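Below: one structure, written as structure tokens.
The values are calculated or read from the model by the stated rules, or taken from the named source; none is laboratory data. For clarity, every value in this text was computed on a predicted model and none was experimentally measured. Cβ atoms come from the backbone with ideal geometry, glycine included; neighbour counts cover every protein chain shown.
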Amino acid sequence: MKIDDTLDMQITEEEISTFKKPKCLFDKITVNFYSIVCFTMSILLMLMIGTATMLRYIFRADLYGYEEWVRIFAFWLYFMGAAYGTFTETHISADLVQSYLSDGITKKFFVFLKSLITFAITLLFTKYAWDYFLYGYLGPLGTGVKIPRTVAWRIPLWIGYLAIFTGLISMSYYFLWELIRASKQIFSGGKKS
């Protein structure tokens with residue numbers, strides 16, 4: 001077989017991509033939302049930081065209060081990226097179980113335990129994020145008066161807090177599905193039901 005013959009072989013998109021594709025309508029909508037937000041925030045952050053750097057070091061001027069916008073855009077980028085990574089199961093994890101244990105009931109148990117702990121901790125942080133968002137939205141008195149705002153541009157802080165809550169609620173949802181898959185593996189003996 002010549003090298004040219006191997007280059008002519010058809011390769012499907014599924015063989016190239018290692019990312020999980022959304023199947024149901026809910027996943028398609030949310031994954032597209034995460035992707036659009038991440039792309040938009042990346043572009044905005046690049047433009048804003050580039051402009052601030054150029055103004056500061058070339059024109060010796062200052063972009064007043066740009067850090068406030070950068071912080072909000074970064075929150076949206078980080079937490080929507082975390083939600084997307086959780087959906088595709090490409091999030092950062094120190095999963096030594098997969099590396100060091102051979103397939104069997106012990107490995108399935110530890111995968112289930114890891115999924116359970118991850119889901120529980122994510123739920124705890126989701127609760128904290130909800131409280132944090134409510135504090136920013138309703139203010140310290142819970143009446144909507146004296147809503148916390150940034151110093152320079154007076155941007156309501158709940159906009160950034162909403163990114164944290166949205167990302168964590170999405171992560172909780174996808175970690176729940178991971179827990180369900182791990183539960184099926186351990187309790188049904190690995191049979192697909």
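Only one of these is of a type in the set (A, V, I, L, M, F, W, C), part of a helix (DSSP H, G or I) and modelled with pLDDT under 95: Phe125, Phe110. Name it.
The match here is Phe110.
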Thr122 fails exactly one of the following numbered conditions: (1) free of Cβ contacts under 8 Å to residues at least 60 places away in the same chain; (2) loosely packed, with under 14 Cβ neighbours inside 10 Å. What is the number of that condition?
(2)
Determine whether Phe125 is in contact with a Leu (Cβ under 7 Å, 6 or more places away or on another chain) and not charged (D, E, K, R).
yes
